[in-house]
Amino acid sequence: MDDLTKGLIGELGLDGLSEKEKDDLVTTWAETLQDRITVEVMETMSPEEREAFNKLAETATEADLNNFMAEHIPDLDMIIEDEFDKFRSELIDENKQIKESLDKLKK
């Protein structure tokens with residue numbers, strides 16, 4: 001688990017989870033983030049690039065797909081960073097709302 005992920009887990013107050021629960025959570029987050037990045041990337045591609053990407057996706061490795069995106073999407077790093085920042089903010093906001101709701105229930 002990288003420092004960024006550990007930091008987010010700590011920020012959300014999830015340090016008490018078991019390592020397996022943390023790993024499962026991080027896997028879910030990664031899948032969600034990958035889906036969101038893919039949607040954003042596909043929106044920036046031309047119809048021809050989308051067709052080529054979809055054809056490549058049928059047989060390519062993840063590395064091949066990443067290379068294709070890096071080659072065809074000049075601002076890929078910015079898209080990834082933006083999506084991560086949005087996702088992180090949403091997790092923090094939702095976590096805050098849940099905590100506030102639980103606090104109200106305790107009163």
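Each reported figure results from applying straightforward, stated rules to the coordinates on display, with no laboratory input. Remember, it's a predicted structure, so these values are computed and weren't measured experimentally. Positions of Cβ are backbone-derived with ideal geometry, glycine not excepted, and every protein chain shown enters the neighbour counts.
For the pairs K22/K86; K22/K99; K6/K55; K20/K86; K6/K99, note any where the Cα-Cα span goes beyond 27 Å. Beyond 27 Å: K6/K55. Working from label points 7 Å from Cα in the Cα-to-Cβ sense, the A57 to D24 distance is 2.8 nm.
Bridging of K104 to lysines at a Cα separation below 22 Å is possible for K96, once same-chain residues fewer than 8 apart are set aside. The mean sequence separation of alpha-carbon pairs under 8 Å and at least six residues apart, normalised by the residue count of the stretch 21-106, gives a relative contact order of 34 percent. Dividing the convex hull volume of the alpha-carbon atoms in the chain by its residue count gives 127 Å³ per residue.
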